[in-house]
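Engineer: Below: one structure in structure tokens.
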Amino acid sequence: GKRPITLLGLGDMGTALARAWLAAGHPVTLWNRTPGRAEPLAAEGAAVAASVADAVAASDLVVTCLLDDASVLAVLADADLAGKDLVDLTTGTPGQARARAAWAEERGARFLDGGIMAVPPMIGVAGSGGYVLYSGSRPLFEEHRATLAVPAGATFVGADPGFAALHDVALLSAMTAMMAGIAHAFALVRDEDVPLKDFAPMLTGWLTAMAGYARGVAEHLESGDYTRGVTSNLAMMVRGNATLLRTAEEQRVSPELLTPFMDLMRRRLDDGHADEGTTGVVDLLAR
Ligand code: NDP
């Protein structure tokens, strides 16, 4: 039979996870601070525990999907975790994950941290492109791999329990800058007679075409040679920045999303690295 799972936390994400495991035939025991949120899932076959203690006692595999690390601690503070496999799918920092791992191990549990790279509608949908990053106990991951792969793809990124959060936050940080770029691009065109429904796929196509840039940066950092394979050099790009800024001015758009990165490009150029791309900015960011 399928492995029993206890899931603590029935927000939008926890509810989607519960539905995916129920649909796959796993016995699921649920607990949520606000009990009403478990009711629809009870009708779908889930067992609803009256307390955290009852929920944790019901399965060897205990999954948390709560607001933040503080709520995980609040919920599990008095739980008996001895012999349990704890999988924390709550988003947090690498430091929080490492501390939670040590905390769980002191209580006799194996620990795996997860970073969910998906939104709730992608959970349980084959081919949605969503996946979950995992780090911490590899034996736990291997033993429960099939169960962990039910909601979305399961990718193990290291025995350091902080690595799932590190990868998760690195990807989200890059996404944040992408969203900033999209906001600036729309600010430039939206008051003109530009059909936004045509502009949007053009923007998506361009960002997709340029996204392979990450591979070149990785090769530069690994080799230490930041000029290798550079087709657009820093001197050219910094000259181009003047056109980007002047266009923002013509279109009466604030350059505030662009200038922090452009300032770093200029500093690297002034340090004598005209033949590089933008990889040197990584060095300038190190504190
Ligand atoms: P919600 O805000 O929908 O749900 C939060 C959950 O945490 C609820 O079950 C809530 O209980 C519970 N909770 C909050 N504080 C406490 C507390 N002090 N004690 C006990 N329970 C508490 O969040 P999501 O379900 O969307 O997200 C859950 C986790 O999943 C987060 O870490 C989020 O970052 C992550 N995630 C979410 C994604 C998304 O798109 N939604 C995408 C990727 C990751 P109650 O019902 O009682 O309020």
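Engineer: Taking region 148-161, which residues are assigned to a loop (DSSP other than H, G, I, E, B) and not charged (D, E, K, R)? Don't jump to the end; show me each part of the working.
Structural biologist: Of all residues in region 148-161, those assigned to a loop (DSSP other than H, G, I, E, B) come to 149-152, 159-161.
ALA149, VAL150, PRO151, ALA152, ALA159, PRO161, listed by residue number.
Engineer: Among the candidates VAL189, VAL217, VAL132, single out the residue that is surrounded by 15 or more Cβ atoms within 10 Å (Cβ to Cβ) and under 23 Å from MET265 (Cβ atoms). Reasoning before the result, please.
Structural biologist: On the way: VAL189 fails: under 23 Å from MET265 (Cβ atoms); VAL132 fails: under 23 Å from MET265 (Cβ atoms).
Selected residue: VAL217, the only one of VAL189, VAL217, VAL132 that is surrounded by 15 or more Cβ atoms within 10 Å (Cβ to Cβ) and under 23 Å from MET265 (Cβ atoms).
Engineer: Considering only region 73-118, how many residues are without any contact (Cβ under 8 Å) to a residue 60 or more places away in the chain, of a type in the set (D, E, K, R) and part of a helix (DSSP H, G or I)?
Structural biologist: Of the residues in that region, 2 qualify.
Engineer: Within region 21-45, count every residue that is more than 14 Å from the ligand (Cβ to nearest atom) and either surrounded by fewer than 18 Cβ atoms within 10 Å (Cβ to Cβ) or without any contact (Cβ under 8 Å) to a residue 60 or more places away in the chain (or both).
Structural biologist: Selection size over region 21-45: 11.
Engineer: Separate question: Looking at GLU219, GLU192, can you tell me which residue is farther than 30 Å from ARG19 by Cα and touching a Lys or Arg at 6+ places or on another chain (Cβ under 8 Å)?
Structural biologist: GLU219
Engineer: Specify which of the listed residues (ALA79, ALA101, ALA74) is surrounded by fewer than 22 Cβ atoms within 10 Å (Cβ to Cβ), of a type in the set (Gly, Ala, Ser) and more than 11 Å from the ligand (Cβ to nearest atom).
Structural biologist: On the way: ALA101 fails: surrounded by fewer than 22 Cβ atoms within 10 Å (Cβ to Cβ); ALA74 fails: more than 11 Å from the ligand (Cβ to nearest atom).
On inspection, the qualifying residue turns out to be ALA79.
Engineer: Regarding region 162-176, can at least one residue be identified that is surrounded by 15 or more Cβ atoms within 10 Å (Cβ to Cβ) and part of a loop (DSSP other than H, G, I, E, B)?
Structural biologist: To start, the set of residues in region 162-176 that are surrounded by 15 or more Cβ atoms within 10 Å (Cβ to Cβ) comprises 162-169.
Still in the running and part of a loop (DSSP other than H, G, I, E, B): 162.
Checking region 162-176: at least one residue is surrounded by 15 or more Cβ atoms within 10 Å (Cβ to Cβ) and part of a loop (DSSP other than H, G, I, E, B).
Engineer: How about region 196-287: which helices (runs of 4 or more DSSP H) wholly inside it have at least 1 residues that are touching a Gly at 6+ places or on another chain (Cβ under 7 Å), closer than 24 Å to SER173 by Cβ and of a type outside the set (Lys, Arg)? Quick ask: steps written out before the conclusion?
Structural biologist: On the way: elements: 196-210, 213-223, 234-250, 259-270, 280-285.
Per the criteria, 213-223, 234-250.
Engineer: Considering only residues of region 220-236 that are among the small types (Gly, Ala, Ser) and touching a residue at least 24 places away in the same chain (Cβ under 8 Å), which is surrounded by the fewest Cβ atoms within 10 Å (Cβ to Cβ)? Quick ask: steps written out before the conclusion?
Structural biologist: First, pick out the residues of region 220-236 that are among the small types (Gly, Ala, Ser): 223-224, 229, 232, 235.
Still in the list and also touching a residue at least 24 places away in the same chain (Cβ under 8 Å): 232, 235.
Numbers: SER232: 11, ALA235: 13.
Ranking the candidates gives SER232 first.
Engineer: Could you please let me know if GLY212 is at negative phi and touching a residue at least 24 places away in the same chain (Cβ under 8 Å)? Full working, then the answer.
Structural biologist: Values: at negative phi: yes; touching a residue at least 24 places away in the same chain (Cβ under 8 Å): no.
Considered against the rule, which asks whether it is at negative phi and touching a residue at least 24 places away in the same chain (Cβ under 8 Å), GLY212 comes out as no.
Engineer: Could I ask something else about it? Can you confirm whether LEU133 is touching a residue at least 24 places away in the same chain (Cβ under 8 Å) and in a strand (DSSP E or B)?
Structural biologist: Details: touching a residue at least 24 places away in the same chain (Cβ under 8 Å): yes; in a strand (DSSP E or B): yes.
It is true that LEU133 is touching a residue at least 24 places away in the same chain (Cβ under 8 Å) and in a strand (DSSP E or B).
Engineer: Here's something else I'd like to know. Return yes when HIS167 is in contact (Cβ under 8 Å) with a residue 60 or more places away in the chain and not hydroxyl-bearing (Ser, Thr, Tyr) and no when it is not.
Structural biologist: On the way: in contact (Cβ under 8 Å) with a residue 60 or more places away in the chain: no; not hydroxyl-bearing (Ser, Thr, Tyr): yes.
It is false that HIS167 is in contact (Cβ under 8 Å) with a residue 60 or more places away in the chain and not hydroxyl-bearing (Ser, Thr, Tyr).
Engineer: Separate question: Filter region 1-20 down to residues that are β-branched (Val, Ile, Thr) and more than 10 Å from the ligand (Cβ to nearest atom), then give me how many there are.
Structural biologist: Step one: list which residues in region 1-20 are β-branched (Val, Ile, Thr), which gives 5-6, 15.
With more than 10 Å from the ligand (Cβ to nearest atom) added as a condition, the list becomes 5-6.
The qualifying residues number 2.
Engineer: Just to be sure, is LEU148 under 12 Å from the mean Cα position of the chain (by Cα) and over 30 Å from GLU256 (Cβ atoms)? Reasoning before the result, please.
Structural biologist: Values: under 12 Å from the mean Cα position of the chain (by Cα): no; over 30 Å from GLU256 (Cβ atoms): yes.
It is false that LEU148 is under 12 Å from the mean Cα position of the chain (by Cα) and over 30 Å from GLU256 (Cβ atoms).
Values in this text are rule-based calculations from the coordinates and carry no lab data. Given the structure is predicted, the values throughout are model-derived calculations rather than measurements. When we count neighbours, we look across all protein chains shown, and the Cβ atoms used for this are built from the backbone with ideal geometry, even at glycine.
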